[in-house]
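K.L.:
Got a structure for you, questions after.
The values are calculated or read from the model by the stated rules, or taken from the named source; none is laboratory data. No experiment lies behind these values; they were computed from the predicted model shown. Virtual Cβ from ideal backbone geometry, glycine too; neighbours counted across all protein chains shown. The protein model used for the area step is the full one, side chains on, heavy atoms only, and it has no ligands, DNA or RNA in it. Shrake-Rupley method; radii C 1.70, N 1.55, O 1.52, S 1.80 Å.
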Amino acid sequence: MKTSLPLLPLAFLLLGACAQEKKIDTKTQTESASKVLAEQKIAEAKTIYDTNCASCHDTGMTDAPKPGDTEEWNKRMAQGFDVVINKSIEGFEGKKGTMPAKGGNENLSESEITKAVSYMSGRLK
Ligand code: HEC
């Protein structure tokens, strides 16, 4: 009888390992599902950007902040995300150039502007 005792902890260990494996499995599934969602979000935001904003912002003409220019976006975002969104919706006069209201497309919704700005500023990852 004594010889079977050391097997007991081993059995628990195995049970534990199985339970853990299951946990990791569902976690991986949730992670890949949210990754797909995130990729869809980025694709949607990029399309809005490409269609409405890229003409000025891709080249950075007249100080239009370029996507991926982290330093520049950090400076802009220091005003507060809401302020930046409002300025994009209403438009404003810069030192060198004008940011037109909604990038010149009045059909864009606030949510679409928010998506485009999130994309440009690197908030969507
Ligand atoms: C006709 C050119 C043009 C288009 C099109 C355009 N922008 Fe701009 N945008 C500018 C310029 C120029 C600035 C910089 C003004 C400054 O700060 O001197 C700017 C600045 C910005 C800023 C920074 C705001 C801040 O508070 O500093 C955001 C955000 C922005 N644009 C978003 C967008 C979005 C979103 C679109 C598309 C829906 C878009 N822009 C389309 C020219 C444009």
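K.L.:
Name every residue in the stretch 99-125 that is free of Cβ contacts under 8 Å to residues at least 12 places away in the same chain and within 7 Å of the ligand (Cβ to nearest atom), in order of residue number.
P.N.:
Pro100
K.L.:
If you don't mind, another one. Which members of the stretch 68-125 meet the condition of being touching a helix residue (DSSP H, G or I) at 6+ places or on another chain (Cβ under 8 Å), assigned to a helix (DSSP H, G or I) and polar (S, T, N, Q)?
P.N.:
Ser88, Thr114, Ser118
K.L.:
Looking at Gln29, is it open to solvent by 100 Å² or more (accessible area, probe 1.4 Å), in a helix (DSSP H, G or I) and either farther than 27 Å from Lys125 by Cα or at pLDDT 90 or above (or both)? First the steps, then the outcome.
P.N.:
Numbers: open to solvent by 100 Å² or more (accessible area, probe 1.4 Å): yes; in a helix (DSSP H, G or I): yes; either farther than 27 Å from Lys125 by Cα or at pLDDT 90 or above (or both): no.
Taking the combined requirement at face value, the residue does not satisfy it.
K.L.:
I would also like to ask the following. I'd like the full set of residues that are within 9 Å of the ligand (Cβ to nearest atom) and open to solvent by 50 Å² or more (accessible area, probe 1.4 Å), limited to the stretch 75-89.
P.N.:
Result: Lys75, Arg76, Gln79, Val83, Asn86, Lys87.
K.L.:
Which residues, counting only those in the stretch 66-85, are under 20 Å from Glu110 (Cα atoms) and of a type outside the set (Phe, Trp, Tyr)?
P.N.:
Pro67, Arg76, Met77, Gln79, Gly80, Asp82, Val83, Val84, Ile85
The rows are residues; the columns are (1) open to solvent by less than 50 Å² (accessible area, probe 1.4 Å); (2) under 19 Å from Lys115 (Cα atoms); (3) more than 10 Å from the ligand (Cβ to nearest atom).
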residue: Ile24; (1), (2), (3): no, no, yes
residue: Leu37; (1), (2), (3): no, yes, yes
residue: Ala45; (1), (2), (3): yes, yes, no
residue: Thr62; (1), (2), (3): no, no, no
residue: Thr70; (1), (2), (3): no, yes, yes
residue: Trp73; (1), (2), (3): yes, yes, no
residue: Gly91; (1), (2), (3): yes, yes, no
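K.L.:
Also, quick follow-up: When the stretch 85-125 is examined, which residues are found to be over 15 Å from His57 (Cα atoms), within 17 Å of the chain's Cα centre (by Cα) and among the β-branched types (Val, Ile, Thr)?
P.N.:
Scanning the stretch 85-125 gives Ile85, Thr114.
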